[in-house]
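For reference, the structure is listed below as structure tokens.
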Amino acid sequence: MRYLVTGGAGFIGSNFIRFVFKKYGDDAQVVNLDKLTYAGIRENLAEFEGKKNYRFQQGDIANPEDVAKAYEGVDGSGVDVVVNFAAETHVDRSLLEAGTFIQTDVHGVLVLLEEARKHAPKLRRFIQISTDEVYGSIDSGSFRETDPLNPRNPYSASKAGGDRMAYAYGQTYGLPVIVTRASNNFGPFQYPEKLIPLFVTNAIDNLPLPLYGDGKNVRDWLFVDDHCAAVDFLIEHGENHEVYNIGGGNELENREITDRILELTNRPKSLIKPVADRQGHDRRYSLDTQKLANRGFKCDTDFERALELTVRWYLDNEPWWRAIKEKSADYKAWMEKNYGARTSRPH
Ligand code: NAD
Ligand code: DAU
């Protein structure tokens, strides 16, 4: 199979490319189109550089020339499958500046779809990686794929735009589009601005863990390998023009996952620092995953084992996250101003 993976230098994209090469070996060809924003780290996939079936291309999904080049594939013969992971992904950053979210998460998707039209009917799949955040918050019960969208922050609104644009191109032009909506991922190579890697790395350094609001917001945690396996499954067994929820089935309040992180890093609860709540903070995300199960896929990683493995990865890969944390000075300053305590050592 010949893949175009966008955003492959980021967290889930890099895990997905590693998953594909592990599963399919030399039968897979992968072009990785990534702009290398602050969140893109080419070295995440250093082990594949120089291989004849892998091509890294630095470029922007919102730039038609970059996208046309990427659709040529590794060797000029084209691609069978597009998996669009590229996005601006952090809710807190979308509160700081939303324009780049619209540019990448909406307009970028449009550019990828326009190029897809030129390659139809040869293209087998176009997978748009959307998110559970497009449904908005739910107090009880779980969202189904047919529920109306109600995004409540600039990030999720931009993702909803890309989600619907991909769906519309499937309906209107018959493109082989599948939209996936996954819950909160965790695992190796996650940028240390998101809850789990931020808290694990802060705990290692005995820094405060800035818990927003009352810490009772609920997220459903999905191990990144399960997400990759689900996307791979849908490429093979999904139905075009359909939307699929991908949930981990591990709903926890933020304060519960924070406690687990402190236990696993052997740090005291006194490191927890309650800080101002995120603006417009969604209370709870929850997905009904019956549709994917009916198709034949279930996530099978044990949550506790996956969390332990993840914490171990950050303990074993300090140079990776220390380099990132040292570089992101502007963002750190903004976080300190708005939420306090994020980077300073406890007094
Ligand atoms: P990430 O922030 O770690 O990586 C995003 C990648 O996209 C980076 O490598 C970045 O350089 C690249 N990128 C950004 N703008 C680009 C552009 N204009 N052109 C090309 N590349 C660009 O993100 P992630 O957590 O790996 O998320 C990947 C996808 O999965 C996103 O679409 C996100 O919305 C979705 N998603 C994430 C989660 C999660 O919990 N992380 C859950 C559900 C869905
Ligand atoms: O649900 C899927 C989404 O999950 C993805 O679409 C997004 O790309 C991804 O960033 C993630 O969004 P969240 O906002 O849920 O993830 P984040 O890790 O930023 O926050 C998780 C929860 O932890 C949320 O309730 C806010 C809280 N939090 C987060 C940070 C960074 C804190 O309490 N303190 C923090 O410092």
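Listed values, structure above:
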read-out: Average projected area [Cα convex hull, the chain], square nanometres; value: 16.1
read-out: Angle in degrees between helix 11-24 and the longest Cα principal axis of the chain, rounded to the nearest 10; value: 50
read-out: Stokes-Einstein translational diffusion, the stretch 1-93 - Kirkwood Rh over all Cα pairs, 0.890 mPa s, 25 °C, in µm²/s; value: 189
read-out: Per residue, the convex hull volume that the Cα atoms of the stretch 47-94 enclose (Å³); value: 110
read-out: For the chain, share of DSSP beta bridges that run antiparallel, in % to the nearest 5; value: 5
read-out: Filter on LYS23/LYS51; LYS194/LYS325; LYS23/LYS291; LYS51/LYS194 - keep pairs with C-alpha separation over 20 Å; value: LYS23/LYS291; LYS51/LYS194
read-out: Histogram of C-alpha separations across the stretch 11-153, 5 Å bin width, %; value: 2, 8, 17, 20, 19, 15, 10, 6, 2, 0
read-out: Rg over Rh [alpha-carbon atoms, Kirkwood Rh] for the stretch 196-267; value: 1.13
read-out: Environment charge of ASN32, counting only residues whose C-beta is closer than 15 Å and scoring Lys/Arg +1, Asp/Glu -1; value: 0
read-out: At q = 0.08, 0.09, 0.13, 0.21 Å⁻¹, base-10 log of I(q)/I(0) for the stretch 191-347 (Debye sum, equal scatterers on each alpha carbon); value: -0.28, -0.35, -0.70, -1.35
read-out: Where the Cα pairs of the stretch 82-233 fall when distances are cut into 5 Å bins, in %; value: 2, 8, 16, 19, 20, 16, 10, 5, 2, 1, 0
read-out: Tilt relative to the chain, helix 154-173 - C-alpha long axis, 0 to 90 degrees, to 10; value: 20
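Quick note: the coordinates plus some simple rules give every number you see, no bench work behind them. Note that the structure is predicted; figures quoted are calculated from it, not measured. Note that we place each Cβ from the backbone using ideal geometry, even for glycine, and neighbour counts take in every protein chain shown.
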